[in-house]
1. At a Cα cut-off below 18 Å, give the lysines reachable from LYS398, other chains included and same-chain residues fewer than 8 away excluded.
2. Considering the convex hull of the alpha carbon atoms of the range 98-191, report its projected area averaged over all viewing directions, in nm², one decimal.
3. Pick out, in residue order, every one of the trypsin sites (Lys or Arg not before Pro) in the range 52-145 that is DSSP loop and has at most 11 other C-beta atoms within 10 Å; say none if there are none.
4. Count the lysine pairs in the range 9-338 whose Cα atoms lie under 24 Å apart, taking only pairs 8 or more positions apart in sequence or on different chains.
5. Normalise the Cα radius of gyration of the range 9-338 by 2.2 N^0.38 Å (N = residues in it) and let me know the number.
6. Which value in deg cm²/dmol, rounded to the nearest 500, describes the helix-derived mean residue ellipticity at 222 nm for the chain, given -39,500 (n - 2.57) per DSSP H run of n ≥ 4 and division by the residue count?
7. State the dimensionless ratio Rg/Rh of the range 443-512 (Rg: radius of gyration of Cα atoms; Rh: Kirkwood radius).
8. Looking at the chain only, what percent of DSSP beta bridges run antiparallel? Nearest 5 please.
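Every read-out reported here was derived from the displayed coordinates using simple, explicitly stated rules and does not represent laboratory data. Please read all numbers here as calculations on a predicted model, not as lab measurements. Cβ atoms come from the backbone with ideal geometry, glycine included; neighbour counts cover every protein chain shown.
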Amino acid sequence: MSVHRPSTPASLQGSDEDRPGKLLDRELAARLLRFVRPHAHLLLAALLLLPAVGTLDLLQPMLIKLAIDEGMGRRDLAQLDRYVLLLLLCMLGAHVAGFLQSYALQLCGQRATHDLRNAAFRHLLGLGSAYFDRQPVGRLLTRVTSDADALNEMFAAGLVSLVGDVLTLLGLVVILLCLDWKLALVCLASAPVLALSAELFRRMLRATFRQSRRQLAAMSSFLHEHVQGMPVVQAYQQEERARQRFGELNEAYRRSTFRAAAYDACLFAWVEALSTYVVAALLWFAAGRMAAGALTFGVLVAFYKYVDRFFVPLRDLSTKYAVMQSALAAAERMVGLLETQERLPELAHPLPAAPLRERISFIDVSFSYGQRPALVHVSFDVHKGQRVAVVGHTGSGKTTLARLLLRQYDPVAGRIEIDGVDIRHVSLRDHRSRFAFVTQDVQLLRGTIADNLSLGDPALPRSRIVAAARAMQVEEAILRKGGYDAPVLERGANFSLGERQLLSFARALCRDPEILVLDEATASVDSQTEAQLQAALEVLLAGRTAIIIAHRLSTIRRCDEILVLHKGRLVERGRHEVLLARGGLYAKLCQLHFGER
Ligand SMILES: Nc1ncnc2c1ncn2[C@@H]1O[C@H](COP(=O)(O)OP(=O)(O)O)[C@@H](O)[C@H]1O
Ligand SMILES: [Mg+2]
């Protein structure tokens, strides 16, 4: 049977794999089987080929025996030729069948993995923001990429080769007994010892594999964090500390991997030694019987060959065990992801979303991410066509308010209505399609500039993209980068902060939303860029209902109403002049940020 080497260490990643007893291995396999079912014919073909491969394999020593006893022993060259030819055919057949088997198995595994990966990503797309708050990015990446491969390994290396091994061993025992039962018993006497030691090693390996997996997870999450945060690490000269910490993690991982390798070597040596003893016993026992004429030389050679085959599955045990263990751990994580039900609830028959007629209302809305409340009993109305600013200290709940309106989270208490309809009663898709959300940290994706503006919507004509870029006065910058089809690097690294902001405005304008939600970037830009942003914003806002989390006085001043948040509470509201005159929190904020009296 073909043996699969342990897979890439990547499939061992993730730090929450050790949830002992959460799911039985059998249940896990059953859940993943769902993805194999559409390709079951391939798996079946591989399984059906097993007896063929096994028989052709086991036939070979028998043919050697016949060649020796019938051909060479009787000096019958015609017979010898016949058996040698049969032996060659047998070998050829075994190789062809083996190839077909791996081909079918790989095809089945790869297809199922492909489906599983699609399913995982589709599932991720439907999960609410709360899930992503908790899950580290690196962990989710591994789920969809390497963890999905677990499925392939589980069936290729695990299930099928296990069935193959069992069949081969059974066939071997039967053949040995038929050939010469006394000699067979000598060989089989080693079986209990083998079984016992296999079980012992399995237990030792299990513990070390778990440990090394945990250590690998720790190392990769450290790596992920530090590669992503490299600018900070370097700017704060944390290289030495990071190097040391990584060294420790790496060392711990090396130790446990080495322990696994040592056990593996012990097992290998032990099985080798045992097989040598069995062969020695065989020779000693056979010699006596051959002298008595009760045994032919051919039978002895065949026995020797068979005994060798007998030990192969055991020698590979630890390799297979490693593969199965990591595959099971990955499978458990995968199933965990697929069964996460952190979607925002939707009605079975949601109401249709009509265009905004009158107003958006927050009615006694409270929300918290965990223990501490982020919004407390917030109520306000935004009328159609109004421009409302939200201001407050950092952490006062401004972004949270916007995210609730977009339904990235649902309020813990209270409700948000649009024209009197609770937003939870409209389908999520319809609801979100009314908005353009310009976030505080602009998210540019890899791809062309045009793709970033249209977000890959093929229905959006190029003329609209160009018009939006022109209106936002960002066309010049785009042309400088080489036009609309020029690439945007990861996280928009090849654009300045101001340009990124303008691009995100243009993206919102492309969508031509009814309602604009804008989380203004706090980063200070030079006064020329500031003026450019302001002008662009005016164009973007024209004729739209807007909720702006504002940090620039120039933006705030032009709003119809200002909501002042403090520790999640709405503490003041009104126009700029009125609030300023009142001398409350808003006046203080203005003084602090703009030096205004
Ligand atoms: N994803 C999150 N998980 C847990 N707490 C959060 C999360 N986002 C924000 N918070 C907390 O909620 C409060 C309000 O945050 P936020 O709305 O982002 O404030 P603002 O935008 O006004 O600076 C803060 O105390 C913040 O620490
Ligand atoms: Mg914020």
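1. Qualifying lysines at Cα under 18 Å: LYS567, LYS588.
2. Convex hull of Cα atoms, orientation-averaged projection: 9.3 nm².
3. Values: sites: LYS65, ARG74, ARG75, ARG82, ARG111, ARG117, ARG122, ARG134, ARG139, ARG143; in loops: ARG74, ARG75.
Listed in order of number, the matching sites are ARG74, ARG75.
4. Details: LYS22/LYS320; LYS65/LYS182; LYS65/LYS305; LYS182/LYS305; LYS305/LYS320.
For the range 9-338, the number of qualifying lysine pairs is 5.
5. The range 9-338 yields a ratio of 1.27.
6. Numbers: 23 runs with 359 residues, N = 597.
Helix-only estimate at 222 nm: -20000 deg cm²/dmol.
7. Working: Rg = 10.4 Å, Rh = 11.5 Å.
Across the range 443-512, the Cα-based Rg/Rh ratio is 0.90.
8. About 50 percent, rounded to the nearest 5.
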